[in-house]
1. Considering only the range 1-18, how many residues are closer than 15 Å to residue 68 by Cβ and either over 11 Å from the mean Cα position of the chain (by Cα) or not in a helix (DSSP H, G or I) (or both)?
2. Check whether at least one residue in the range 58-80 is exposed (fewer than 14 other Cβ atoms within 10 Å of the Cβ), part of a loop (DSSP other than H, G, I, E, B), over 11 Å from the mean Cα position of the chain (by Cα) and modelled with pLDDT of 85 or more, and report yes or no.
3. If we scan the range 19-41, do we find a residue that is part of a loop (DSSP other than H, G, I, E, B), in contact with a helix residue (DSSP H, G or I) (Cβ under 8 Å, 6 or more places away or on another chain) and under 19 Å from residue 79 (Cβ atoms)?
4. Exactly one condition in (1) at pLDDT 85 or above; (2) touching a helix residue (DSSP H, G or I) at 6+ places or on another chain (Cβ under 9 Å) is false for residue 86; which is it?
């Protein structure tokens, strides 16, 4: 249970760190690559092997790499979930209609 919570929260932290890079115009593929790299770095710095905590023994040195990839993939899932929630909120509040009518289209 704590292992899943750790993956979810580290994924959210990595997602927010990668979002800072989004201000510089990073494409989606570069953001995902940055999330994977940050995940591996975080797992290495924390000396964290979540698969060993679950009782799955991976080759030495590869446990933190697999954990980091899980962190990065979870960051990608967080990005999609939070984007969907934001668009759903806009739909419910009718902000989408306000945004479309605020900027007239060129003929």
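1. Qualifying residue count, the range 1-18: 2.
2. There is at least one residue in the range 58-80 that is exposed (fewer than 14 other Cβ atoms within 10 Å of the Cβ), part of a loop (DSSP other than H, G, I, E, B), over 11 Å from the mean Cα position of the chain (by Cα) and modelled with pLDDT of 85 or more.
3. yes
4. The single condition residue 86 does not satisfy is (2).
The values are calculated or read from the model by the stated rules, or taken from the named source; none is laboratory data. Because the structure is a prediction, the values reported are computed rather than measured. We place every Cβ from the backbone using ideal geometry, glycine too, and count neighbours over all the protein chains shown.
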